[in-house]
Each structure stands twice: as structure tokens, then as C-alpha cells.
Amino acid sequence: KLGVFVHWGVFSVPAWGSEWFWWHWQGQRDAAYERFVRSRFPPGTSYAEFAPHFTAHDFQPRQWAELFWRAGARYVVLTTKHHEGFTNWGSPRSWNWNSVDIGPHRDLVGELGEALRERNLHYGLYHSLMEWFNPLYLADKKNGFKTQSFVTKKMMPELYDLVVKYKPDLIWSDGDWEAPDSYWNSTSFLAWLYNNSPVKDTVVVNDRWGRGCSCRHGGFYNCADKYKPGTLPDHKWEMCSSIDKLSWGYRSNMSVAEVMDEATIIEELVQTVSLGGNYLLNVGPTKEGVIVPIFQERLLALGRWLDINGEAIYESQPWRVQMENSTDTVWYTSRGPVVYAIFLLWPRDSVLKLCSPIPCPATRVTMLGYAGTLKWQEESPGKGLLITLPHVLPSPVPPKSGWAVKLEGVL
């Protein structure tokens with residue numbers, strides 16, 4: 001139900017604009033990016049010269065794993081290679097453009113994997129199929145993707161290497177949109193993954209395996225970044241979102257106003273899970289490997305909320321109604337016969353009105369994090385409940401958003 005996404009790479013060195021820095025700077029020749037490089041770096045600086053400054057000096061994988069575990073995450077997805085082509089492990093197909101040969105001189109993918117597994121967290125690997133400026137890819141592109149030099153010599157060997165070496169629980173594919181799945185050899189890779197790979201019985205994948213695949217093929221659907229379906233989809237899906245509202249990679253010039261607040265994060269999680277989705281929340285570490293305090297604070301706040309309300313989230317299923325028609329501030333989940341109503345705003349008169357559940361005389365209402373049962377009455381004969389909430393909020397420092405009532409014996 002909840003994962004943490006980590007965007008980390010050479011783009012964390014300029015730490016400006018977004019993780020698409022190289023493309024905006026030299027692909028699009030964006031004047032703002034050209035000005036930024038001119039003002040901060042020596043004349044003639046190339047993107048490759050950022051790599052030695054990607055040091056990961058302060059990267060402590062066990063601290064990351066502890067933070068993600070305390071945030072309530074059950075899985076973590078790390079960028080093994082973004083569209084810039086730099087690999088966060090010692091790929092033999094990426095000579096001198098990987099984290100073992102240059103920069104950190106460490107196997108970042110392996111180190112984080114070990115730390116996460118000590119915490120029993122599932123490990124997902126993000127991998128970009130394309131690389132913006134790889135000469136082999138550019139040649140294939142020029143040939144209208146009728147040739148596959150990049151796929152056979154670079155991309156596929158790396159993808160197989162990742163699976164065999166790190167045995168991921170999840171593969172989060174990206175960078176597929178310029179070419180069809182037949183160019184990427186996606187079907188043959190997926191056939192191997194599910195039939196012969198070391199993770200064939202456990203692995204799951206997303207839906208970004210070629211132009212037109214998204215939202216149509218995949219173990220689970222991403223559809224689009226920050227996707228919100230509005231109604232209950234008929235296929236497992238995931239919403240990826242970022243604590244920094246403007247970027248996935250770290251930005252040194254990020255302002256507080258551009259950071260998602262605790263209430264918004266809880267709201268996105270609740271809405272996503274009510275609609276049967278998983279919530280993948282992103283942080284971008286610094287080039288030294290620090291997850292900045294404001295990101296840590298948001299993750300820990302989410303973890304504290306889940307300590308109380310996790311029962312309504314983990315292992316839950318969508319109920320017959322996902323949200324109250326009258327309001328988008330009350331959302332439902334269920335576990336077996338038990339129904340949870342999660343309300344994002346505390347009602348002014350401390351009476352929660354629920355129209356959808358059908359109570360019976362044996363209906364029992366409790367509130368997560370609060371001892372004892374709550375008084376309720378029928379809103380109208382045979383339908384709906386009016387629940388009297390406790391006058392004392394359930395914790396000494398009330399969260400800004402999100403409380404859950406547990407309904408037993410309702411239809």
C-alpha cells in the first residue's frame with residue numbers, strides 16, 4: 001500500500017530545476033539552465049564532469065532503511081539508472097559512467113538492497129529503458145528504431161544484470177515512450193522474467209514497456225505520474241507522487257511552499273488506497289546521500305499517522321463505496337466484513353455523518369487510536385449513521401488530517 005521512491009544520480013550534483021537537468025540544458029538548450037551552468041561552473045563544463053562530485057559521502061543505507069521503515073513503507077524503489085544513463089551499480093556496460101568507477105566508488109544499488117532486506121522491506125528497482133544522449137540509442141532513433149544496437153549491446157544486458165545480481169521484488173520501468181515495445185524487446189525480457197529468472201515467482205512490474213503500453217499492459221498500472229483515476233479501476237495500480245511538488249530529484253533551491261504538507265500526503269494516501277491503489281512517495285537525496293530534514297519530517301509524520309490508522313490501510317480492500325457522494329473528505333476501506341471510514345476534516349459539531357453504510361442493532365463503532373466504543377444513531381430509517389466523536393482528540397498533538405472510525409456489523 002505504501003512505498004518510498006528515491007531519485008538519485010548525477011543530476012543530484014547541479015541539484016537545480018529537476019532530474020531532467022541534462023536534457024533541459026543540452027537537449028533543449030534552455031536559456032535558464034545555460035545561465036545557471038555559466039554562473040556556477042567553469043567555462044566549457046560538460047555534464048560528465050559533474051559525476052566526480054556525486055560523492056555519496058554521507059550515504060548510510062541502514063539509516064535510510066530505518067527512516068523508510070519508520071515512515072510505514074513496505075517497499076522502496078531506487079533509481080538504478082535514469083535517462084542520463086549513469087548506473088548506480090558497477091555495470092560493465094557503462095564504463096566510467098557508473099557509481100563504482102567514478103563518484104561514490106560504491107555499489108549503491110547493492111548497499112541499499114542489503115539494508116532494506118534487513119528491515120524486511122521489499123526492494124524495487126527503477127530502470128530507464130532509454131538514455132538521452134547515448135550514441136547507440138541516438139543511432140537507433142535516427143534509423144526510426146529499425147535497428148536495435150542500443151537494446152542488444154547496452155540496455156538489455158544491464159536489465160538482465162540487475163535482476164540476476166540484486167533479485168528485485170519489483171521492476172519499475174520508465175523511459176519507454178519514444179519507441180514501441182518491439183524495439184525494446186520487452187516481451188522476451190518479461191517472458192524470461194516470469195518463467196526463468198531467479199525472481200520468477202515473486203517479481204512484479206509496472207506498465208512502461210513501450211509506446212502505448214501504459215495503462216494497458218503490466219502487473220500494475222502507473223498510467224501517468226501523479227495519476228488519480230477518480231473512480232475504482234479494475235486493475236491494480238499505483239500513484240507515484242513527490243514530496244517536492246516541482247521535482248523528483250533534489251533541488252538546492254527548493255522552498256517550503258513547494259513541499260507537500262503532512263495533510264496533503266495523508267489525503268493522497270487515503271484516496272489512493274480507497275481506490276485500490278498503492279502510494280509511492282518520492283524523495284530526492286543530495287549528492288552526498290542525505291535525505292534533507294524536511295523530507296525526513298514528512299516521512300516520519302506519515303509513519304506516526306500510520307501507527308494509529310494503519311489498520312485501515314494495510315491489507316485493506318476497496319469497499320462497495322469508495323467515498324461519500326456528499327463530500328470528498330470521507331473515504332472508505334474494508335478488511336473482510338469490517339469497514340473503515342477515514343475522514344480528512346474533523347466535523348465542527350464532532351458528529352460524523354455517514355450516508356453509505358447500512359447499520360443494524362448490533363453495529364459497533366470505534367475509533368482507531370481511541371479506547372471505547374462511540375455512540376451512533378441511524379441517520380434515516382435503515383440507512384446511514386450519525387456518529388458522536390470523542391471530545392478529546394485521539395492524540396496529544398492531533399494530526400492535521402485524517403482519522404478513522406471502524407464499523408463492525410454494517411452492510
For the subset of the stretch 380-400 comprising residues that are modelled with pLDDT of 95 or more and open to solvent by 30 Å² or more (accessible area, probe 1.4 Å), which member is farthest from GLU324 (Cα to Cα)? THR388
In the stretch 208-238, what residues are without any contact (Cβ under 8 Å) to a residue 24 or more places away in the chain and among the acidic types (Asp, Glu)? ASP225, ASP234
Mind checking which residues of the stretch 240-276 are of a type in the set (D, E, K, R), crowded, with 18+ Cβ neighbours inside 10 Å and in contact with a helix residue (DSSP H, G or I) (Cβ under 7 Å, 6 or more places away or on another chain)? ASP244, GLU262
Of the residues SER241, SER197, which single one is touching a residue at least 12 places away in the same chain (Cβ under 8 Å) and assigned to a strand (DSSP E or B)? SER241
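Tell me, please, whether a residue that is acidic (Asp, Glu) and closer than 25 Å to SER247 by Cα can be found in the stretch 87-104.
Pass one, the stretch 87-104, residues acidic (Asp, Glu): 101.
If we keep only those that are closer than 25 Å to SER247 by Cα too, we end up with none.
Checking the stretch 87-104: not a single residue is acidic (Asp, Glu) and closer than 25 Å to SER247 by Cα.
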Checking ALA301 against (1) outside any helix (DSSP H, G or I); (2) in contact (Cβ under 8 Å) with a residue 60 or more places away in the chain; (3) small (Gly, Ala, Ser), which single condition isn't satisfied? (1)
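Residue by residue, here is whether (1) in contact with a Phe, Trp or Tyr (Cβ under 7 Å, 6 or more places away or on another chain); (2) surrounded by 14 or more Cβ atoms within 10 Å (Cβ to Cβ) holds:
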residue	(1), (2)
ARG348	no, no
LEU352	yes, yes
CYS360	no, no
GLY369	no, yes
GLU378	no, yes
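Just to check your reading of the model, which residue among ASP244, ASP261 is within 29 Å of HIS105 (Cβ to Cβ) and among the charged types (D, E, K, R)? Spell out how you get there, then give the answer.
Numbers: ASP261 fails: within 29 Å of HIS105 (Cβ to Cβ).
Testing whether each residue is within 29 Å of HIS105 (Cβ to Cβ) and among the charged types (D, E, K, R) leaves just ASP244.
Within the stretch 46-56, does at least one residue satisfy the condition of being free of Cβ contacts under 8 Å to residues at least 12 places away in the same chain, among the acidic types (Asp, Glu) and open to solvent by 40 Å² or more (accessible area, probe 1.4 Å)? Let's see the steps before the verdict.
The first filter runs over the stretch 46-56 and keeps only residues free of Cβ contacts under 8 Å to residues at least 12 places away in the same chain, leaving 46, 49.
Those left that are additionally among the acidic types (Asp, Glu): 49.
Adding the requirement that they be open to solvent by 40 Å² or more (accessible area, probe 1.4 Å) leaves 49.
Checked against the condition, which is being free of Cβ contacts under 8 Å to residues at least 12 places away in the same chain, among the acidic types (Asp, Glu) and open to solvent by 40 Å² or more (accessible area, probe 1.4 Å), the stretch 46-56 yields at least one hit.
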Which one of the conditions (1) open to solvent by less than 10 Å² (accessible area, probe 1.4 Å); (2) more than 27 Å from GLY230 (Cβ to Cβ) does ALA312 fail to meet, given that it meets all the rest? (2)
Looking only at the stretch 66-108, filter to residues that are of a type in the set (Asp, Glu), free of Cβ contacts under 8 Å to residues at least 60 places away in the same chain and in a loop (DSSP other than H, G, I, E, B); which one of those is surrounded by the fewest Cβ atoms within 10 Å (Cβ to Cβ)? ASP101
Flag if ALA224 is modelled with pLDDT under 95 and more than 21 Å from SER316 (Cα to Cα): yes
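The values are calculated or read from the model by the stated rules, or taken from the named source; none is laboratory data. All values derive from a computational prediction rather than experimental measurement. Cβ coordinates were reconstructed from backbone atoms using ideal geometry, including for glycine residues, and neighbour counts include every protein chain displayed. Ligands, DNA and RNA are excluded from the accessible area calculation, which covers all protein heavy atoms including side chains. Shrake-Rupley method; radii C 1.70, N 1.55, O 1.52, S 1.80 Å.
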